Amino acid sequence: MLFKDRRFAGQLLAKELVAYANRSDVVVLGLPRGGVPVAFEVAKALNAPLDILVVRKLGVPDQEELAMGAIAPGGVRILNKHIINLVNISDELIARVAVQEERELERRENLYRGVDAERLVARHRPFPDLHGRTVILVDDGLATGATMWAAVVAVQKQQPAAIVIAVPVAARETCEQLEPEVDQIACVSKPSPFYSVGLWYESFPQTTDQEVRELLIKAANNGQPLFAS
């Protein structure tokens, strides 16, 4: 199936997650940038707080869409040994790419967590305490799954009660790889062959930093905490 856009995809995805609606232990984490419009709709439908988990793909140089790994906050780094060996990537090159992406991760963390929903002024908000919570990780789709895998590892460090991956569309083999690591994977469509996430959207523009900030503010103004504690 084709999704009209990320907003529509999020609305459909929320129907797969009704069991988590109106629960005080649930928090929805969107993966910026493209996962946040989807997560916004999920959080709204479930009456759950919306937050973000910034992750960054480590793209193969000159083939940035090909993920050789990913990083997440807390020093999390995962590597795809198959891709690394296939393309013959050196440790030095991996380290150089990782440094670049760590800078971008930090930039986005500072930008998104500097939003004060009430005063619209700079004010740092820490990452929420996920201990004992049910965490729903949302992205706009899963291709290789590298960034989602990094997100799962980062969340596992906080000892949540449960981790749920929620995406509108995903490659079936990627879901099979991630299933043992989480409590549930909610997915509307698993087309085969998969090719790419954007192929399954009628409208798939790049989500901007400003859109992410605006959605976080909008979520807070709808009575959902900007960052759960």
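Could you grab the pairs with beta carbons closer than 8 Å, sequence gap of 6+ or different chains, first residue in the range 23-46 and closer than 12 Å to ILE136 by Cβ, second one part of a strand (DSSP E or B) and charged (D, E, K, R)?
From residues that are closer than 12 Å to ILE136 by Cβ, the pairs are VAL27/ASP51; VAL28/ASP51; LEU29/ASP51; GLY30/ASP51.
Looking at ALA9, ALA70, which one is in contact with a Phe, Trp or Tyr (Cβ under 7 Å, 6 or more places away or on another chain) and under 20 Å from ASN110 (Cβ atoms)? Write out each step before concluding.
On the way: ALA9 fails: under 20 Å from ASN110 (Cβ atoms).
So the residue among ALA9, ALA70 that is in contact with a Phe, Trp or Tyr (Cβ under 7 Å, 6 or more places away or on another chain) and under 20 Å from ASN110 (Cβ atoms) is ALA70.
If you scan the range 57-78, which residues turn out to be within 15 Å of VAL152 (Cβ to Cβ) and of a type outside the set (Gly, Ala, Ser)?
Answer for the range 57-78, where residues must be within 15 Å of VAL152 (Cβ to Cβ) and of a type outside the set (Gly, Ala, Ser): LYS57, ILE71, PRO73, VAL76, ARG77, ILE78.
May I ask you to list the residues in the range 166-225 that are within 22 Å of LEU50 (Cα to Cα) and acidic (Asp, Glu)?
ASP183, ASP209, GLU211, GLU214 - these are the residues of the range 166-225 that are within 22 Å of LEU50 (Cα to Cα) and acidic (Asp, Glu).
If you take the residues of the range 182-192 that are modelled with pLDDT of 95 or more and loosely packed, with under 15 Cβ neighbours inside 10 Å, which of them is nearest to GLN159 (Cα to Cα)?
If we take residues in the range 182-192 being modelled with pLDDT of 95 or more and loosely packed, with under 15 Cβ neighbours inside 10 Å, then ASP183 is nearest to GLN159 (Cα to Cα).
Name the strands (runs of 3 or more DSSP E) wholly within the range 1-99 that hold at least 2 residues that are loosely packed, with under 15 Cβ neighbours inside 10 Å and touching a strand residue (DSSP E or B) at 6+ places or on another chain (Cβ under 9 Å)? Before you say what the answer is, go through the steps one by one.
On the way: elements: 26-30, 50-52, 56-60, 63-72, 76-79.
Because the criterion is at least 2 residues that are loosely packed, with under 15 Cβ neighbours inside 10 Å and touching a strand residue (DSSP E or B) at 6+ places or on another chain (Cβ under 9 Å), the strands (runs of 3 or more DSSP E) in the range 1-99 that meet it are 63-72.
Determine whether ALA122 is within 25 Å of GLY10 (Cα to Cα), more than 19 Å from the chain's Cα centre (by Cα) and at pLDDT below 90.
Working: within 25 Å of GLY10 (Cα to Cα): no; more than 19 Å from the chain's Cα centre (by Cα): yes; at pLDDT below 90: yes.
No; evaluated as a whole, the condition is false for this residue.
The values are calculated or read from the model by the stated rules, or taken from the named source; none is laboratory data. None of the values given here were measured: they were computed from a predicted structure. Backbone-built Cβ (ideal geometry, glycine too); neighbour counts: all protein chains shown.
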